[in-house]
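The values are calculated or read from the model by the stated rules, or taken from the named source; none is laboratory data. Note that this is a predicted model, so its numbers are computed, not measured. Counting neighbours? That spans all protein chains shown, and the Cβs are built from the backbone with ideal geometry, glycine included.
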Amino acid sequence: MTSKKVTISIPSGLEARPIALLVQMASKYDNCKIYFETEDKRINAKSIMGMMSLGLGSGDVITVVTEGEDEEGACAHIAGYLAGEDE
């Protein structure tokens with residue numbers, strides 16, 4: 001299991017378009033489970049409805065948790081996107 005705490009630096013926050021891109025990105029890792037954790041929720045990053053329920057904005061902090069094949073690569077890729085490094 002790999003995890004990384006990330007501050008969301010996407011200017012619009014996690015609205016519909018960034019969430020759709022994020023779910024597509026996470027879905028490319030077929031053999032890896034990917035979750036986002038906040039203080040009180042753990043959401044499957046491959047679920048668009050789950051992601052929409054988080055209601056996160058720019059500046060919010062989230063933990064990316066990955067388990068499975070290429071978990072380190074998946075965690076780094078998704079954390080980079082959320083941090084505004086890979087748009």
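Put simply, of Ile19, Ile8, Ile48 the only residue that is surrounded by 14 or more Cβ atoms within 10 Å (Cβ to Cβ), touching an Asp or Glu at 6+ places or on another chain (Cβ under 7 Å) and at pLDDT below 95 is Ile8. Of all the residues in the stretch 53-75, those that are among the charged types (D, E, K, R), within 10 Å of Thr7 (Cα to Cα) and surrounded by fewer than 14 Cβ atoms within 10 Å (Cβ to Cβ) number 0. Restricting attention to the stretch 20-46, the residues being among the hydroxyl-bearing types (Ser, Thr, Tyr) and within 15 Å of Leu82 (Cα to Cα) number 2.
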